[in-house]
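Take a look at the structure below.
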Amino acid sequence: MIVVSGELWFSEYSDAVYSYIFMLVKDSHTAEDLTQETFMKVIANEHQFKGDSSVKTWIFRIAYTTTMSYFRKTNPLMYFFDLHSVRTEHGASTEDIVLLNSQQKQFYDVLSQLKKSYQQVIILRKIQGFSTKETSSILNWSEGKVKMSLSRALLAFKKELEKGGFSIETFIR
């Protein structure tokens, strides 16, 4: 049996893509659907991968655009005005809550209060571990904008954490 590259990429990157999307949409079922949609696009378009970036960066760019399309379709005004405190009507499932310990929940709550652009840059740079260059490629931003946004995002994040009695060092290494 011949295994297609996209299938190998799915087994290697699907958990990281799901985690990234879940942090943005805050709903496990939607994250699963968007992860599946992302990899359907990856497999359908793998012939377009030119090697200008790593495979992981290319896949995350597809995940990013898929998720942003979801936001545009489901909440067009919120997307337009960058009011991305998108909440699901039914909240997190019991399964999701069990998976989060109290520090992770605090981190998640504070992160979700930040502007969407701040959430994205923190998730990609500090959680997923992408370089500035890779992050700029995924978000289609300049490297300068990534650096400035990350700096501002971490400052805003730190202030919010301190309000809750935590420090940023607890969460980000």
Whichever lysines have a C-alpha closer than 16 Å to that of Lys56, once near sequence neighbours (fewer than 8 apart) are set aside: Lys41, Lys126, Lys133
Vicinal HN-Hα couplings computed from phi for segment 9-25 (Karplus, 6.51 cos²θ - 1.76 cosθ + 1.60; Hz; Gly/Pro x): 5, 4, 5, 7, 10, 4, 5, 5, 5, 4, 4, 4, 5, 4, 5, 8, 8
Summed over the other residues with a beta carbon less than 11 angstrom from that of Thr135, with K and R at +1 and D and E at -1, the charge totals +4
Of the cross-linked pairs Lys50/Lys116; Lys50/Lys73; Lys115/Lys158, which ones have a Cα-Cα span greater than 21 Å in the structure shown? Lys50/Lys116; Lys50/Lys73
Order by neighbour count: Leu154, Leu8, Leu34, fewest other Cβ atoms within 10 Å first, most last. Leu8, Leu154, Leu34
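Each value in this text was obtained by applying a stated rule to the coordinates, not by laboratory testing. Keep in mind that what you see is a predicted model, and the values were worked out from it rather than measured. Backbone-built Cβ (ideal geometry, glycine too); neighbour counts: all protein chains shown.
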